[in-house]
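J.: Please see the structure below; I have some questions.
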Amino acid sequence: MQTVLQLARSEMVAAHGHVPGGSFAIVGYGSLGGLELGFGSDLDLVFLYDHPPEVDASDGKRPLEAGRWFARLAQKVMALLAAETGAGRLYDIDVRLRPDGGKGALVSSLASYREYQRDRAWTWEHQALVRARAVAGDAALCG
């Protein structure tokens, strides 16, 4: 997972530069987060990011707004993980455990994720956190 994230990040940096001071983490839920991944298991993923409040965009020749930069990074990670190969798809990806489920943004800022967990999450969403863990990126973001 870390290698896939590094590849996706290098593509983003080449196209749009860095988000100065930005951090990004992939959180695994379910069997991935619980270290019980089996043959045919899907990957339950949540993407989190943070950046300094004074930074609103990446610093490349074709800058992107910071939230959009991290959303594209997550899309690239998902595309790489779900790539079709001669032997079939690498992994099925499930991102419905993110805040607000399928209606929510693909990536969540750390502040919005905390607010969601504190104020709007259902009991089962709190229970799902028992098996959640950082699987790639800046683990300190999940601490």
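The values are calculated or read from the model by the stated rules, or taken from the named source; none is laboratory data. The model shown is predicted, which means the values in this text are computed figures rather than measured ones. Backbone-built Cβ (ideal geometry, glycine too); neighbour counts: all protein chains shown.
J.: Mind listing whichever residues of the stretch 1-29 are more than 18 Å from residue 89 (Cα to Cα), within 15 Å of the chain's Cα centre (by Cα) and either among the β-branched types (Val, Ile, Thr) or at pLDDT below 95 (or both)?
T.: 26, 27
J.: Moving on to the next point. Can you tell me which of 115, 65, 84, 54 is at pLDDT below 95 and out of contact with any His (no Cβ under 7 Å at 6 or more places or on another chain)? Don't jump to the end; show me each part of the working.
T.: Details: 115 fails: at pLDDT below 95; 65 fails: at pLDDT below 95; 54 fails: at pLDDT below 95.
Among 115, 65, 84, 54, only 84 is at pLDDT below 95 and out of contact with any His (no Cβ under 7 Å at 6 or more places or on another chain).
J.: Take the conditions under 20 Å from residue 27 (Cβ atoms) and without any contact (Cβ under 8 Å) to a residue 24 or more places away in the chain and apply them to residue 71. Does it pass? Let's see the steps before the verdict.
T.: Details: under 20 Å from residue 27 (Cβ atoms): yes; without any contact (Cβ under 8 Å) to a residue 24 or more places away in the chain: no.
For residue 71, the condition - under 20 Å from residue 27 (Cβ atoms) and without any contact (Cβ under 8 Å) to a residue 24 or more places away in the chain - is not met.
J.: So which residues in the stretch 1-17 are surrounded by fewer than 16 Cβ atoms within 10 Å (Cβ to Cβ) and either over 15 Å from residue 135 (Cα atoms) or in contact with a helix residue (DSSP H, G or I) (Cβ under 9 Å, 6 or more places away or on another chain) (or both)? First the steps, then the outcome.
T.: First, the residues of the stretch 1-17 that are surrounded by fewer than 16 Cβ atoms within 10 Å (Cβ to Cβ): 2-3, 6-7, 10-11, 14-15.
Within the stretch 1-17, 7, 10, 11, 14, 15 meet the criteria.
J.: Can you tell me how many residues within the stretch 97-143 are surrounded by fewer than 14 Cβ atoms within 10 Å (Cβ to Cβ) and touching a Lys or Arg at 6+ places or on another chain (Cβ under 6 Å)?
T.: The number of residues fulfilling the criteria is 1.
J.: Tally time: how many residues in the stretch 32-59 are more than 17 Å from residue 82 (Cα to Cα) and either in contact with a Leu (Cβ under 7 Å, 6 or more places away or on another chain) or surrounded by 15 or more Cβ atoms within 10 Å (Cβ to Cβ) (or both)? Before the answer, list the steps.
T.: Our first condition is that a residue be more than 17 Å from residue 82 (Cα to Cα); within the stretch 32-59, this holds for 33-36, 48-59.
If we keep only those that are either in contact with a Leu (Cβ under 7 Å, 6 or more places away or on another chain) or surrounded by 15 or more Cβ atoms within 10 Å (Cβ to Cβ) (or both) too, we end up with 33, 48-51, 57-58.
Number of matching residues: 7.
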